[in-house]
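> Input: one structure, supplied below.
A short reminder: the numbers here are calculations on the coordinates, not readings from a lab. Note that this is a predicted model, so its numbers are computed, not measured. For neighbour counting, all protein chains shown are included, and Cβ atoms are generated from backbone atoms with ideal geometry for every residue, glycine included.
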Amino acid sequence: MECCTNSCCTSCCESSFAKAFSQVCPVCKQEGIPVKNFTVRHIVLEEYLPQVGTKDYFLCTNPECDVGYYQGENLFYKQQLRVPIWLKKDANPKYVCYCSRVTEEDIIDAVLKKGAKTLGDACKITGAMTECKCEINNPTGKCCTDLVKEAFDKAMKIKEGKM
Ligand SMILES: [Zn+2]
């Protein structure tokens, strides 16, 4: 990825999430994705921190479900988190890069109104992927590269009149 060359980012992009280690959401019964404890600590509102404990969590990836993180008896709804989870249907704003607080709209704007022709341009204009602390800033604990790229592809489609 041309604009994602920081060594810290490479490491978080490559960190593996074991598929075998999965568990279903207690509310919607869909399978979530594992998220590290320190990511959860960084995302939940301060008042709920004492309830987080020391174990790793799962993130409910169902867009319709209000659950954010869960693990055993512990459950944090999306309202108990500092930032909207981008994969929930009503996420507002919908961040694609949490480190720099860049939204999908910002990327689309960079392409349609500010002349960005490549993903690298879009990152430069918006500041996306410059800080790279995805492991603690992104609710999924994963690098934002894919999300930023997705937003850029969407923007290009809009520009070409395909959307
Ligand atoms: Zn759920």
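> Sorting Arg82, Arg41 on the 10 Å Cβ count, fewest up front, what's the list?
Ascending number of Cβ neighbours within 10 Å: Arg82, Arg41.
> In whole Å, what are the extents of the range 51-102 along the principal axes defined by its C-alpha atoms, from largest to smallest?
The principal-axis extents, from largest down, are 32, 24, 15 Å.
> Kindly provide log₁₀ I(q)/I(0) values, in the same order as q = 0.27 Å⁻¹, from the Debye equation applied to equal alpha-carbon scatterers of the range 21-80.
-1.18
> Between Glu160 and Cys28, what length comes free when the chain is fully extended (0.36 nm per residue of separation minus the Cα-Cα distance, one decimal in nm)?
Gain in length upon complete extension: 43.7 nm.
> May I pose another question? How big is the gap, in Å, between the Cα center of the range 46-62 and the Cα center of the range 88-163?
26
> Separate question: Among all the lysines, which ones have a C-alpha under 30 Å from Lys113's C-alpha, if same-chain residues fewer than 8 places away are not counted?
Partners found: Lys88, Lys89, Lys94, Lys124, Lys133, Lys142, Lys149, Lys154, Lys157, Lys159, Lys162.
> Over all distinct alpha-carbon pairs, what is the Kirkwood Rh of the range 50-163 in angstrom? It would help to have the intermediate numbers written out before the result.
Numbers: mean 1/r = 0.0666 Å⁻¹.
Radius from the Kirkwood sum: 15.0 Å.
> Please give me, ordered by residue number, the GluC sites (Glu not before Pro) of the range 47-134 that lie in loop per DSSP and have at most 12 other Cβ atoms within 10 Å.
Those that pass, being in a loop and sparsely packed, are Glu64, Glu73.
> Most fluctuating residue of Gln51, Gln71, Gln80 in a GNM of the chain with Cα springs under 10 Å: which is it?
Per the Cα network of the chain with a 10 Å cutoff, Gln51 tops the list.
> Hey, if you put +1 on the Cβ of every Lys and Arg and -1 on every Asp and Glu Cβ in the chain, which of Thr103, Gly32, Gln51 ends up farthest toward the positive end of that dipole?
Of the listed residues, the answer is Thr103.
> What is the Å³ per residue value for the convex hull set by the Cα atoms of the range 93-159?
66
> Let me ask something additional. Give me, ordered by chain and number, the residues 5 or more places off Leu75 or on other chains with an amide H under 5 Å from its own placed amide H.
Under 5 Å from the amide H of Leu75: no residue qualifies.
> Follow-up question, since we're still on this one. Using each residue's phi in the range 148-163, evaluate 6.51 cos²θ - 1.76 cosθ + 1.60 at θ = phi - 60° and report the 3J(HN,Hα) Karplus result to the nearest Hz, with x for Gly and Pro.
Calculated HN-Hα couplings, in order: 5, 5, 4, 5, 5, 4, 4, 4, 5, 5, 4, 4, 7, x, 8, 10 Hz.
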